[in-house]
Every structure is written in C-alpha cells, then in structure tokens.
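Each remark here refers to the structure printed beneath this line.
Readers should treat all values here as calculations from the given coordinates under stated rules, not as data from a laboratory. In this text, all values refer to a predicted model and were calculated from it rather than measured experimentally. With ideal geometry, Cβ positions are generated from the backbone for all residues, glycine too; neighbour counts draw on all protein chains shown.
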Amino acid sequence: MKKRFLALVAIAALVMAPTFADVLDSAKTSMENVQSKIMDNTTHPKWSAGLSLGTNSGIQVNYRANNDLTMETIVGFGVPTPDLNVECYGMYKVSDFQINDARFNVNAGLGVSVGYDFDSQFNVTPLVAGEITY
C-alpha cells in the first residue's frame with residue numbers, strides 16, 4: 001500500500017510541475033505586459049534532465065517556463081539518512097554573473113519534499129532552496 005502511495009506521489013509531482021509552471025508563466029507574462037518589461041531574448045530548452053547531488057541525490061527533471069522561472073523535480077535518496085524522496089520546487093532567477101564566456105544564474109525558490117524512510121514512515125517537508133547554475 002505504501003509503495004503504491006509513493007509511486008502515485010512521484011507521478012503526480014512529475015505531471016503537476018509543467019502545469020504549475022504554465023500557470024505561473026501566464027501570470028508573470030501578464031504582469032510583464034502591464035509593466036512593459038522587456039525580457040532577455042536568450043533561448044533555453046524547455047525540458048532538461050540530469051543528476052542532482054546534495055541532501056537529495058538522484059535524477060532531476062527541469063521544466064523552464066521562461067528565462068526567469070524553472071520548475072524542478074528530483075527523485076532520489078536522501079543524504080545522510082537513507083530514505084527515498086521526491087522533491088518539487090519552483091526556482092526563480094534572482095541574479096546572474098559571467099566568468100569569461102560562461103554565464104551563471106543565481107536562483108532561489110520554494111518547494112515541498114515527500115519522503116519515505118525505511119522505518120515505514122512518510123514525511124512531508126517544506127523546502128527553501130538556492131542554487132547556482134551554468
């Protein structure tokens with residue numbers, strides 16, 4: 001029963017991330033039109049995937065709504081405690097900087113982590129996240 005619940009949570013997180021990102025993107029675009037803000041014309045791929053190393057190490061899937069907002073989902077194992085986690089959060093670009101030809105983004109965001117430790121306990125934890133991406 002608990003394995004089914006965990007599988008449903010993981011699937012829901014992966015399905016809801018792009019939907020939530022589109023809603024936020026529409027609201028942000030409306031505000032930008034009202035304020036007549038000109039966005040950076042740099043293009044980025046909408047979807048990306050990779051490995052995440054940190055307190056939750058595993059496979060990460062990202063959906064970039066626009067140049068400033070990214071929805072991220074990580075499915076992996078917790079470090080240092082051995083538990084299975086699914087994390088979903090939205091990351092907003094706060095700043096950026098450049099070193100030679102490499103451009104880096106400084107992002108901050110909020111999210112939620114749903115975990116299962118191997119003592120048969122589920123936990124739900126709010127997240128405050130920060131990252132520097134290349």
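List 92, 63, 134 from most exposed to least, where exposure is judged by having the fewest other Cβ atoms within 10 Å.
134, 92, 63
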Original post:
In which sequence would 117, 83, 101 go, from the one with the fewest C-beta neighbours within 10 Å to the one with the most?
Top reply: 101, 117, 83
